[in-house]
Amino acid sequence: MSAEENTSINSNWEQFKKEGLSLLNSLGKVIDQAANDLSKLTVVSLEEEDRQRLDQLVGAGVVENRSAAARYLIGEGARTRKDLFEKIERTNAEIKNLKENLGVIFASKQVK
């Protein structure tokens, strides 16, 4: 094999490796994005009447699909019941505070 042929083979091999690494890098990014998208997925079982409501929103053109309809209705419900979520947040903060106080009390009893 001549030096020129050897140089050509090495050049082709380097190009092949470079393109292969680029392809693997792109594939990794696609896999990361797919995993991120899946982590947002929530499966919900609905009653027939609720499915019909979703379909009404889709049929009226308010949203593009059932998934968007569900997001819309859940968001509306959360905004409508903002008071409930605020109460839950306050209660959770109280529970956290009580747990911390218990930890301090327990720790002080251990030292003695």
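Overview of values
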read-out	value
The stretch 45-84-the stretch 90-109 distance, computed between alpha-carbon centres (Å)	39
Reciprocal of mean inverse Cα separation for the stretch 1-41 (Kirkwood radius, Å)	12.5
Cleavage-rule hits, trypsin sites (Lys or Arg not before Pro), the stretch 18-77, DSSP coil, Cβ neighbours within 10 Å at most 15	40
Residues of type lysines that residue 87 reaches as a straight line, Cα spacing below 19 Å, ignoring anything fewer than 8 places off in the same chain	96, 99
Dipole of the chain, positive direction: furthest Cα of 92, 46, 78, with charges on the beta-carbon	92
Equivalent ellipsoid dimensions for the chain as semi-axes, Å, which come from the Cα gyration tensor, largest first	54, 35, 10
The stretch 51-90: equivalent-ellipsoid semi-axes (sqrt of 5 x gyration tensor eigenvalues, Cα, Å)	26, 7, 7
GNM result for the chain, Cα springs below 10 Å: residue of 45, 22, 67 fluctuating most strongly	22
Calculated FRET efficiency for the pair residue 39/residue 96, C-beta based, R₀ 25 Å, to 0.05	0.45
Burial ordering of 23, 54, fewest other beta-carbon atoms within 10 Å first	23, 54
Residues of type aspartates and glutamates that residue 29 reaches as a straight line, Cα spacing below 20 Å, ignoring anything fewer than 8 places off in the same chain	19, 37
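Laboratory data are not the source of any read-out in this text; all were calculated from the coordinates shown. Values in this document were obtained by computation on a predicted structure and should not be read as measured data. Cβ coordinates were reconstructed from backbone atoms using ideal geometry, including for glycine residues, and neighbour counts include every protein chain displayed.
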